[in-house]
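Asks: Next up is a structure, given as structure tokens.
The values are calculated or read from the model by the stated rules, or taken from the named source; none is laboratory data. What you see is a predicted model, and the numbers here were worked out from it, not measured in a lab. Reconstructed Cβ throughout: ideal geometry from the backbone, glycine too, with neighbour counts over all protein chains shown.
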Amino acid sequence: MDSCRDEYQVTVKREEMVLAVLPMLEHLLPMSNLDLLLPALDVGIFLCYKKSSQETHESSSSSMVMVSAVKKALAETLSSFYAFAGEVVQNRRGEPELLCNNSGVDFINAYADVELKHLDLYHPDASVHGKLVPFKKRGVLSVQINYVDRSLEFY
């Protein structure tokens, strides 16, 4: 596997917030004792999907249909898992709490100028984190969809 670290560019096509489709009452959820004991962690999940041969020969409109389907499914899912559309805030004692306010999930659609075979997956922090796997800007969850050399990847 070739090491590519910073040798490729990621071009953001669109960045937006996805909200739950159903409205909800704003409320606070306290963190559990385990949440308070452990340090805050950001977990990145890196998934790759190969386009079907039919999609490869079609225009980019089929890719936009896929992105729209993912956004719609995410919005519907956030109605049940509403905490993911919230944000972590400090209470009066300085402890973190989860504010369930439907502030939304960062949703990024991008193109990466790299082939998967050139990614150094033995060192993902250097090769994919912050480029193919998004840095969380606000809230609890971020989703990024990347097009990579005629393939579509979900992160």
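Asks: Whether any residue in the range 116-124 is in a strand (DSSP E or B) and either modelled with pLDDT of 90 or more or closer than 14 Å to Gly44 by Cβ (or both) is what I want to check.
Replies: no
Asks: Separate question: Taking the criterion of being over 18 Å from Leu41 (Cβ atoms), exposed (fewer than 15 other Cβ atoms within 10 Å of the Cβ) and touching a residue at least 12 places away in the same chain (Cβ under 8 Å), would at least one residue in the range 127-148 satisfy it?
Replies: No; the residues of the range 127-148 include none that is over 18 Å from Leu41 (Cβ atoms), exposed (fewer than 15 other Cβ atoms within 10 Å of the Cβ) and touching a residue at least 12 places away in the same chain (Cβ under 8 Å).
Asks: Output the residues belonging to the range 82-115 that are surrounded by 13 or more Cβ atoms within 10 Å (Cβ to Cβ) and either out of contact with any strand residue (DSSP E or B) (no Cβ under 8 Å at 6 or more places or on another chain) or part of a loop (DSSP other than H, G, I, E, B) (or both).
Replies: Of everything in the range 82-115, those that are surrounded by 13 or more Cβ atoms within 10 Å (Cβ to Cβ) and either out of contact with any strand residue (DSSP E or B) (no Cβ under 8 Å at 6 or more places or on another chain) or part of a loop (DSSP other than H, G, I, E, B) (or both) turn out to be Gly86, Asn101, Asn102, Ser103, Gly104, Val114, Glu115.
Asks: Taking Val140, is it touching a Pro at 6+ places or on another chain (Cβ under 8 Å) and of a type in the set (A, V, I, L, M)?
Replies: Answer is no for this residue.
Asks: Which one is farthest from Leu141 (Cα to Cα) among residues in the range 35-53 that are modelled with pLDDT of 80 or more and outside any loop (DSSP other than H, G, I, E, B)?
Replies: Restricting to residues being modelled with pLDDT of 80 or more and outside any loop (DSSP other than H, G, I, E, B), the top hit is Leu37.
Asks: Could you tell me whether any residue of the range 138-145 is at pLDDT below 85, over 21 Å from Ala73 (Cβ atoms) and touching a strand residue (DSSP E or B) at 6+ places or on another chain (Cβ under 9 Å)?
Replies: Yes, the range 138-145 has at least one match.
Asks: Is there a residue being more than 15 Å from Gly139 (Cβ to Cβ), outside any loop (DSSP other than H, G, I, E, B) and modelled with pLDDT of 90 or more anywhere in the range 58-68?
Replies: Taking every residue of the range 58-68 in turn, at least one turns out to be more than 15 Å from Gly139 (Cβ to Cβ), outside any loop (DSSP other than H, G, I, E, B) and modelled with pLDDT of 90 or more.
Asks: Can I ask one more? Give the residues of the range 90-115 that are touching an Asp or Glu at 6+ places or on another chain (Cβ under 6 Å) and modelled with pLDDT of 90 or more, sorted by residue number.
Replies: Within the range 90-115, Asn91, Leu99, Asn101, Ser103, Phe107, Ile108 meet the criteria.
Asks: Give all pairs with beta carbons closer than 9 Å in which a residue from the range 53-69 that is more than 14 Å from Tyr147 (Cα to Cα) meets a residue that is at pLDDT 65 or above and polar (S, T, N, Q); count only pairs at least 6 apart in sequence or on separate chains.
Replies: Between residues of the range 53-69 that are more than 14 Å from Tyr147 (Cα to Cα) and residues that are at pLDDT 65 or above and polar (S, T, N, Q), the close pairs are Gln54/Ser62.
Asks: Does Ser32 fit the bill of being exposed (fewer than 12 other Cβ atoms within 10 Å of the Cβ), over 21 Å from the mean Cα position of the chain (by Cα), farther than 18 Å from Val133 by Cβ and at pLDDT below 90?
Replies: no
Asks: Are any residues in the range 67-81 surrounded by 15 or more Cβ atoms within 10 Å (Cβ to Cβ) and polar (S, T, N, Q), and if so, which ones?
Replies: Matches in the range 67-81: Thr77, Ser79.
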